[in-house]
Every structure is written in structure tokens, then in C-alpha cells.
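Trainee: Below you'll find the structure I mean.
What follows draws every value from the coordinates through simple rules; no lab data is involved. Predicted model only: the values in this text are computed from it and were never measured. Please note: Cβ atoms are built from the backbone with ideal geometry, for glycine as well, and neighbour counts cover all protein chains shown.
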Amino acid sequence: SDTPLVIKGLNLTIHGGERVGVVGRTGSGKSSLLLCLLRLVEPDMAGETKESYVSPISIDGVDTLRIGLQELRSRIGIIPQNPVLFSGTIRSNIDPFHQHTDDDIWTALDQCGMKDAVEAMPGLLHAVVAEYGENLSAGMRQLLVLGRALLKQCKILLLDEATSSVDYETDKEIQRTIRQAFKGCTVLTIAHRINTIMDSDKILVMKDGLVEEFASPEDLLADETTTFSEIVRQTQTNNDEDGDGETGGAMGAIGEDNESSVEPVEERT
């Protein structure tokens, strides 16, 4: 195919339990990286031989191309920008395969900050959810999908601008849940609000499908010439113009041997 490669030659290692914030301009390959991890798009293996083959993406040393799709995706939680909900009930949306007890579900709802809201609904766990969750607020939809990920007890969590459509308070609730309930998990966050990734262990700055910068936020901000420093300065300027001090507060928050590695990947989308 003559389709341009979105990700090409990207090479980095993410340690188990690390929280990584991902930033970059539109088209830099941020969302494509998450799609690769889920195998929603596959690497271009043209020209590869058995002798030259190198695993494009490995998790705990295992080539993801050798893992069944159902098994792989069942072990990775994803919170997209537009949460996927369907016509049914609270219970069927948070536990679509009926694998958990009511107690498990209530615990997950409590952890994701939805317990009080569900307790106030007629029918409780059997409360009706409209198609696409249209009878729920944007924040409630995101929290419900977060509860679904909690039930899966996944070791890897992917967030793709998950808080772009929620208000600041709901954003804080989601970030609190991620820090507490997913402690010890590997978390990759594509940021909509820069403040949501300021306390990440590492920041991945992508450009044209490649790694431009990959280091702790402290190290990147210590060098005024880095792209990440420029992004933060621009965000602060925009917030000052809008009368919004969220990023400044987030900057104050900057402060396992198991590995999940992402080897060179070439992807066509």
C-alpha cells in the first residue's frame, strides 16, 4: 500500500506500573499508538522473514501478535473520548458479560465515584441506560466506562482524551480514581488538559510518528528548549487569557522491574 506510515521506527520501553502522559500535535501518532497496543491496526510486516522478524510490540516480553485478540483486549482497559454505552441497564453496561457479582459492581461504582448517583436511580443496578447513554451526563458516561475497566482488573489502562468533554470537577474525580484504583497499573494517557499528566512518571512527546522526547516532566521542564516546556508555556498563556488557572495548580503536583516494551512499529491507517 502507498498509504503513508503514521508510526514509523518508534522505539521505547515503558516499565510496569508507570504512568505515561502522551502529547503531540494532531497527526503525530498518539491515538495510533493506542490502536497498535489493542491491535485495532496491525503493523506493516512487508519484507519481514523468519530470520529478520522482530516483535513490533511486546508486553511482559510476549509478542502481542502471538496473543489472541480476545485475550489481549480483555487485559487492557481503554477509556476513549466518546465512551461506548448501549441500550440496557447500569449493570449490563458495566458488566456486559455478566461475570461479576452485585457486590463487585457496587465496589467498582464506589471506586469510580458513581455509587451515589446509581443509588439515586430507580431500579439501582437495573436502572435504564438509553442508547449511547443519552440519558446520562457526559461525566457519568465516562465514570461508568471507568467502572467497567475497574471490574476487568486490567494491568494496562489507556486513556484517549478521556476527559475532553467533561467539566473540571468530573475531570478531577476521574484523575483521583485513576491514581487510587489503578495504582500499580501501567497507564498511558493522551492528554486533552495538560494538567492531567503533570504528575506522570514520564512524558512521551510524539512528532510525525516518532519519539521526540521521553523523560520525566521534571526533566523536560528543567530545559526551556524542550517541546514539552513550550506546550506547557502555551497552555499557561491560554489559561491566563481565559482566566483559568488549572495548569498552574497542576504544575505544583509534579513531584517494578516488570516491563511493557514498545519496539519499532510501522503502522498504516
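Trainee: Could you check the spin-label model distance between Asp208 and Asp102? Points 7 Å from the Cα along Cα→Cβ, value in nm.
Mentor: Roughly 5.9 nm, to one decimal.
Trainee: Quick one: net charge around Ser28, please, counting Lys, Arg +1 and Asp, Glu -1 for every other residue with C-beta under 11 Å from its C-beta.
Mentor: +1
Trainee: Please label the shape of region 95-192 as rounded, prolate or oblate, based on the square roots a ≥ b ≥ c of the eigenvalues of the alpha-carbon gyration tensor (a/c under 1.5 means rounded; beyond that, a/b larger than b/c means prolate, else oblate).
Mentor: oblate
Trainee: On the first, second and third principal axes, largest extent first, how far apart are the outermost C-alpha atoms of region 80-149 in Å?
Mentor: If we take the Cα atoms of region 80-149, the spans are 27, 25, 22 Å.
Trainee: With label points built 7 Å along Cα→Cβ from the Cα atoms of Thr237 and Asn135, find their separation and express it in nm.
Mentor: Each label point is offset 7 Å from its Cα along the Cβ direction, giving 4.8 nm.
Trainee: Next question. Cross-link partners among lysines for Lys155, C-alpha distance below 16 Å, same-chain residues fewer than 8 apart left out?
Mentor: Lys155 reaches Lys183.
Trainee: Rounded to the nearest 0.05, what FRET efficiency is calculated for Val128 and Glu71 with R0 set to 45 Å and r the Cβ-Cβ distance?
Mentor: Efficiency at R0 = 45 Å is approximately 0.90.
Trainee: In whole Hz, what ³J(HN,Hα) sequence does region 197-208 give by Karplus (6.51, -1.76, 1.60; θ = phi - 60°), x for Gly and Pro?
Mentor: Per residue, the Karplus-derived 3J(HN,Hα) values read 10, 5, 9, 5, 5, 9, 10, 9, 9, 9, 8, 6 Hz.
Trainee: Follow-up. What number comes out for the charge environment of Asp219, summing +1 per Lys or Arg and -1 per Asp or Glu over other residues with Cβ under 12 Å away?
Mentor: -3
Trainee: Test of the criteria: in region 122-205, which trypsin sites (Lys or Arg not before Pro) are in a DSSP loop and have at most 15 other Cβ atoms within 10 angstrom of their Cβ?
Mentor: Lys183
Trainee: How much net charge surrounds Ile67 when only other residues with a Cβ under 12 Å from its Cβ are counted (Lys, Arg +1; Asp, Glu -1)?
Mentor: +1
Trainee: Run the numbers for Arg179 and Ser164: contour at 0.36 nm per residue of separation, minus the present Cα-Cα distance, in nm.
Mentor: So the extension gain works out to 3.6 nm.
Trainee: What are the trypsin sites (Lys or Arg not before Pro) within region 60-107 that DSSP puts in a loop, where the Cβ has at most 15 other Cβ atoms within 10 Å?
Mentor: Those that pass, being in a loop and sparsely packed, are Arg75.
Trainee: Quantify how much of the Cα-Cα distance distribution of region 128-243 extends past 24 Å, in percent.
Mentor: 35
Trainee: Still on this model: Most exposed first by the Cβ proxy, i.e. fewest other Cβ within 10 Å, how do Cys154, Cys36 rank?
Mentor: Fewest-to-most Cβ neighbours within 10 Å comes out as Cys154, Cys36.
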